[in-house]
């Protein structure tokens with residue numbers, strides 16, 4: 001199935017209008033024509049089955065039916081210090097595919113690169129959303145300091161920060177304290193990591209400080225490895241509970 005994205009404001013009771021970016025892909029790349037069936041999401045959990053009604057002056061889709069997708073069982077947040085733009089692109093793309101619900105881009109003491117090109121980042125997230133056939137588009141947050149980050153994420157039930165190779169391994173620590181929390185935040189520093197005062201701030205604010213192993217990882221590798229590990233553990237817990245239920 002090929003999935004398209006439409007902003008909620010472009011969706012009415014009976015019709016959907018695609019923006020220029022989506023329309024170009026529909027008409028030029030896929031060579032769709034009036035009468036063809038097209039699937040669209042609004043990024044808020046809705047999946048629309050539509051039929052192309054017209055392609056000029058804009059692509060207008062007629063809604064055939066619609067359904068609401070299942071909400072994720074867990075809300076996964078990923079906080080990462082600003083890194084080189086091309087590497088941050090990779091985090092946003094693969095993080096979306098892995099099921100991250102919120103991205104927090106943090107300006108911290110060791111930040112050397114900072115780009116707040118929201119339009120570029122949203123485009124990357126949108127493409128990854130469609131490629132992975134997800135119906136819930138991650139929300140992007142720009143954070144100006146670590147103190148702002150800790151304040152904005154205080155509603156997460158479980159907050160993790162990869163701070164030092166001397167801390168407990170991620171999954172070991174996670175297994176010991178996980179009690180079916182439904183919102184989990186993973187935090188990774190920029191290139192060079194968090195400063196000592198920042199690590200103290202995270203720990204004092206209730207973050208579980210963990211290690212991702214002895215290998216020195218780039219920020220983007222650390223971020224995606226941590227998300228994948230947590231998601232795999234959550235799948236294991238779910239399947240184990242079904243097997244014993």
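Worth a mention:
- Once you reduce segment 89-135 and segment 18-69 to the center of their Cα atoms, the two points are 24 Å from each other.
- Principal semi-axes of the equivalent ellipsoid, √(5λ) from the alpha carbon gyration tensor of the chain, are 37, 21, 14 Å from largest down.
- In range of the label at residue 53: residues from segment 1-23 whose backbone nitrogen is under 19 Å from the point 7 Å along Cα→Cβ: 4-20, 22-23
- Hypothetical label at residue 216: residues of segment 155-195 whose amide nitrogen lies under 11 Å (7 Å Cα-Cβ projection): 192
- Helix axis angle, 219-244 relative to the chain longest principal axis, alpha carbon, degrees: 80 degrees
- Once the chain from residue 155 to residue 240 is taken as fully extended at 0.36 nm per residue, the excess over their C-alpha distance is 27.8 nm.
- Taking a ≥ b ≥ c as the square roots of the eigenvalues of the Cα gyration tensor, segment 3-68 is classed as prolate, since a/c reaches at least 1.5 and a/b is larger than b/c.
- DSSP bridge orientation in the chain - percent antiparallel, rounded to nearest 5: 40 percent
- Extension reserve of the residue 180-residue 120 stretch, reckoned as 0.36 nm per residue once the Cα distance is removed: 18.1 nm
- Three-way shape label, segment 71-195, alpha-carbon gyration tensor, a/c 1.5: oblate
- Projected label distance in nm at residue 164 and residue 229, using a 7 Å step from Cα toward the beta-carbon: 1.7 nm
- If a spin label sat at a point 7 angstrom from the Cα of residue 87 along the line to its beta carbon, the backbone N atoms of segment 171-201 nearer than 17 Å would be those of 187-195.
- Average Cα contact separation per residue, the chain, under 8 Å, 6 or more apart, as relative contact order %: 19 percent
- Protection proxy ranking, peptides 101-110, 184-193, 199-208, average beta carbon neighbours within 10 Å, highest first: 184-193, 101-110, 199-208
- Length added when fully stretched, residue 14-residue 148, from 0.36 nm per residue minus Cα-Cα: 44.1 nm
Each value in this text was obtained by applying a stated rule to the coordinates, not by laboratory testing. Since the structure is predicted, the reported quantities are computational estimates derived from the model, not experimental observations. Because the Cβ atoms are built from the backbone with ideal geometry, glycine has one as well, and the counts that use them run over all protein chains shown.
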